[in-house]
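Inspection log for the structure reproduced underneath, given as structure tokens.
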Amino acid sequence: MKIFLDSSVLLSACGSGKSLSRLITELAAERGWHLISASYCSAETSKNIGKLGAEAALRWPDMRAKVEWVPNALTSRKPLLLTASKDKPVLISALAAKCEVLLTLDKSDFGIVLGTTVYGMRVSTPRDFLIAEGLG
């Protein structure tokens with residue numbers, strides 16, 4: 001399963017050893033989950049990782065190695081209902097990479113699509129994803 005990680009999930013995975021985001025990254029190999037993200041999310045994570053402290057910054061290189069980084073996709077021929085323009089590249093990149101799931105913790109910007117399917121791709125929080133996978 002191809003899972004796209006938004007920068008909020010990447011930050012959470014680096015910031016806390018007990019986060020569900022971290023659990024997903026740790027279970028990925030054994031569950032056959034292919035972790036994907038875009039250059040845009042890498043830049044956002046790099047920009048904000050320092051706010052989480054030195055340990056999070058030290059975990060970031062290891063986290064980067066677990067993820068396949070795809071180019072940013074900035075346009076789509078399909079209409080998208082997402083009000084936050086800064087997060088449209090995330091959704092479009094996930095669709096372009098043909099991911100089955102987009103994981104985000106950004107409920108304010110992704111709220112309109114969170115818990116739904118966008119052109120066949122589920123948009124979920126890490127918690128709801130783990131529950132749907134029978135792990136919660």
- Span-rule helices in the chain, defined as complete DSSP H runs reaching 15 Å or more along the axis (Cα) with Kyte mean at least -1.0: 20-31, 54-66
- Query: Which value, in Å² rounded to 10, gives the accessible area of T104 with a 1.4 Å probe and all protein chains present?
  - Reply: 0
- Note on the structure: Heads up, segment 1-77 by the C-alpha gyration tensor (a ≥ b ≥ c square roots of eigenvalues; a/c under 1.5 rounded, else a/b over b/c prolate, else oblate) looks oblate
- Put +1 on the Cβ of every Lys and Arg and -1 on every Asp and Glu Cβ in the chain; which of A96, T117, S42 then has its Cα farthest towards the positive end of the dipole? A96
- Query: Rounded to the nearest 5, what is the percent of antiparallel bridges among the DSSP beta bridges in the chain?
  - Reply: 15
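Given a 1.4 Å probe and heavy atoms of the protein chains only, how would you sort R31, R127, R122, largest accessible area at the top?
From most exposed to least exposed: R127, R31, R122.
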- Note, S21: beta-carbon cut-off 11 Å, +1 each Lys/Arg, -1 each Asp/Glu, net +1
- Item | Cβ crowding within 10 Å averaged over residues, with 51-60, 1-10, 106-115, 16-25 ranked highest first | 1-10, 16-25, 106-115, 51-60
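The values are calculated or read from the model by the stated rules, or taken from the named source; none is laboratory data. These numbers were taken from a predicted model, which means no experiment stands behind them. We place every Cβ from the backbone using ideal geometry, glycine too, and count neighbours over all the protein chains shown. Note: accessible area is taken over every heavy atom of the protein model, side chains too, but ligands, DNA and RNA are not part of it. Shrake-Rupley method; radii C 1.70, N 1.55, O 1.52, S 1.80 Å.
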